[in-house]
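This report refers to the structure that appears directly beneath it.
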């Protein structure tokens, strides 16, 4: 039985914990729940209903069960800090270093220390999976790993932030000014009270860094991305674009060595031109041509990314054991 | 060294043969080229330039090298007959029955005998791959196999025929009547001289049958699909849709047990609403929500599907040998 722990027990953690109750037959048992303040060990007989809404954690380091060898697979769902990567970075580094498989939805550690963490995982022979960090409801890394083999990625473009895409969509279709569209997004819970990471393009830039490092084998940091947010986009500019059959979208792109995030004109008929909170990513491939994936970027659909990573790890462990 | 043969040496076969020259280092060697009239054995030292444009085939059954055990992996690129499945059906059945892995782009055999062929492959312990049969430049089956694990497909909708989509696109944007748009498509080589399989929705229906059988585990035939083509779609109808922010597309869909192909109203802002010869497929998933893939449906990009299947087979063979 593989023993699984979750650090960061918020919205995603709760849904994931419920879903993992179905995995006991697959050989995976949820053993630990934790946040930055402490942890809780489950004896395996607690029905999933009992671990929600909020369990009482034992005040201690959430890493204690990892250090005691009680966790084989750690899911890190900590809040993101894109400058320091903490606290997720420490948790992931410790877990990988102890031979524990890691799945994360936290962008921070990957933006700050992508190569360090992936090299550590490789040298320890463990899995480090992060499907949930970019386009939560779009299986980007899984697709690239399995389905783009034998082809070559020439460039990548994406609409990777649902909050700004919602705002730009409202500006386009309703003619709202930026500040009103933002207020609306905040009221709907789509934008944070401090929306600067989204509006200034930092969130999109983090995702571009992760995509470039993971799919193109480069070693980029946030400082390598030329970033412009949507703060200066006016409804007049969008109206002018609309008259030409276009609109303005916040587009992240990777072309050769150049990483950028900026408001760009996009043709309304173009596959990349998705609306509302949808995310889209376009791969330009050598043989396949252009392939675009469209899906939800956040929310409950992100749990599918976590589960897909967990499935991958279960299969890999079965394979390494020589099973089928 | 895995010995590979290609039956059906037309447009796709030639591009594939060139690409396979790069696979000798990967342990795959192109050994045979064939069409319905005969075959040619390659000694492995023929540079790819020498096997194009048209080699001289030895007049004989193209299955002879398979029967003589000279082929480990057969790529079947025969012209499609959706009523009989022949001649591809016989080739595939014979090859699988002799323990040969098969990759095909021919829809016919899958529409006529999906369960028979997949069961035969399973009982013989060989691979039978058909990524190229639906949405050539979109890795649909690979995605489903690897990236949708741990989720449940609720329904599928798709724009799966590039020819009719091109015609409907020209009708929408240029106001052309159907017959003129069709003539244009024929002049551009996008439509056959007898375009009835495309226009009547039969090609799309075949793809819906393959999708349903492969992804939802049912056992459907062409007769199970309720099919209506685009013959009755007028530019007036499209114009009326356009005024409401919509257009008319030929949509194939699978909902529960119901398979259908018909012209449907689609919102212009909807991810499924792609134009020109593009294909699109939308999965409605339990956890992930809606996931849409957009790409090229035919032409050279289909070679990427064949190569992806071949890579899968190479990896599976390495796995079965116990290698990494």
When chain B is treated as a Gaussian network with springs between alpha carbons less than 10 Å apart, the largest mean-square fluctuation among B:297, B:201, B:189 is found at B:189
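Provide the FRET efficiency to the nearest 0.05 for the residue A:83-residue B:60 pair, computing r from the beta carbons and using R0 = 51 Å.
Values: r = 70 Å, r/R0 = 1.37.
My answer for the efficiency is 0.15.
How much of the DSSP beta bridge set in the protein assembly as shown is antiparallel, as a percent to the nearest 5?
Working: 71 of 109 bridges.
The answer is about 65 percent antiparallel.
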Taking a crude spin-label model, label points 7 Å out from Cα along the C-beta direction, the residue B:155 to residue B:122 distance in nm is 2.8
For residue A:119, inter-copy label-point distances (7 Å, Cα→Cβ), nm, shortest first, read 5.5
Rounded to the nearest 500, the 222 nm mean residue ellipticity computed for chain B from DSSP H runs (n ≥ 4, each -39500 (n - 2.57)) alone is -11000 deg cm²/dmol
Rh (Kirkwood, all Cα-Cα pairs) for the range B:148-205, Å, reads 12.7
Relative to chain A, whose Cα atoms define the longest principal axis, helix A:11-20 and its Cα axis are tilted in degrees, nearest 10, by 50
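Averaged across orientations, what area in nm² does the convex hull of the alpha carbons in the range A:87-144 project? Don't jump to the answer; show the numbers that get you there.
On the way: hull surface 15.0 nm².
If you wrap the Cα atoms of the range A:87-144 in a convex hull and average its projections, you get 3.7 nm².
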note: the protein assembly as shown, Cα-Cα separations exceeding 37 Å make up a percent value of 41
Inter-copy distances for residue A:316, nm, shortest first, label points 7 Å along Cα→Cβ, are 2.2
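Across the residues of A:294-304, average count of Cβ atoms on other protein chains within 10 Å?
5
So for chain A, averaging the separation of alpha carbon pairs under 8 Å that are six or more residues apart and normalising by length, what relative contact order in percent results?
Details: 635 pairs, mean separation 56.7, N = 324.
Result for chain A is 18 percent.
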Exposure-ranked with fewest Cβ neighbours within 10 Å first, B:253, A:204 stand as B:253, A:204
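What do you get for Rg/Rh of the range B:1-139 when both radii come from the Cα atoms and Rh is the Kirkwood radius? Before the final figure, lay out each step's value.
Working: Rg = 14.1 Å, Rh = 15.0 Å.
Result: Rg/Rh = 0.94.
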The helix B:302-320 Cα axis meets the longest alpha-carbon principal axis of chain B at an angle in degrees, between 0 and 90 and rounded to 10, of 50
Distance in nm between residue B:188 and residue A:236 label points, each 7 Å along Cα→Cβ, equals 3.8
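For chain B, give the share of DSSP beta bridges that are antiparallel, in percent and rounded to the nearest 5; count only bridges with both residues there.
Roughly 65 percent of the beta bridges in chain B run antiparallel, per DSSP.
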Between the Cα axis of helix A:178-187 and the main Cα principal axis of chain A, the angle (0 to 90°, nearest 10) is 30
Out of B:229, B:88, B:38, a Gaussian network model of chain B with alpha-carbon springs under 10 Å gives the largest mean-square fluctuation to B:38
If one builds a Gaussian network model of chain B from Cα atoms under 10 Å apart, the most fluctuating residue listed among B:295, B:125, B:13 is B:125
Per the rotation taking chain A to chain B, min distance Cβ-to-axis on chain A (residue, whole Å) equals A:146, 2
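Quick check on the range B:142-297: of the DSSP beta bridges with both residues there, what percent are antiparallel, nearest 5%? Intermediate results must be reported in sequence, preceding the final value.
Details: 28 of 31 bridges.
If we restrict to bridges inside the range B:142-297, about 90 percent are antiparallel.
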At the level of C-alpha centres, the distance separating the range B:206-261 and the range A:175-189, in angstrom, is 38
at residue A:284 the sorted inter-copy label distances (label 7 Å from Cα on Cβ side), in nanometres, are 3.6
Here, residue A:258 and residue A:286, labelled 7 Å along Cα→Cβ, have an inter-label distance in nm of 2.2
Distance in Å, no decimals, from the C-alpha centre of the range B:277-313 to the one of the range A:137-153 is 11
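With N set to the residue count of the range A:141-297, report its C-alpha Rg divided by 2.2 N^0.38 Å to two decimal places. Provide the component values of the computation, followed by the final result.
Details: Rg = 15.5 Å, N = 157, 2.2 N^0.38 = 15.0 Å.
Ratio of Rg to 2.2 N^0.38 Å for the range A:141-297: 1.03.
Taking 8 Å as the Cα distance limit and 6 or more residues as the minimum spacing, I'd like the relative contact order of the range A:141-297 as a percentage.
Values: 287 pairs, mean separation 51.9, N = 157.
About 33 percent, as a whole number.
FYI, it's all coordinate maths here, none of it is from the lab. If you're wondering where the values come from, they're calculated on a predicted model, not measured in any experiment. Here Cβ is always computed from backbone atoms with ideal geometry, including for glycine, and neighbour counts include all displayed protein chains.
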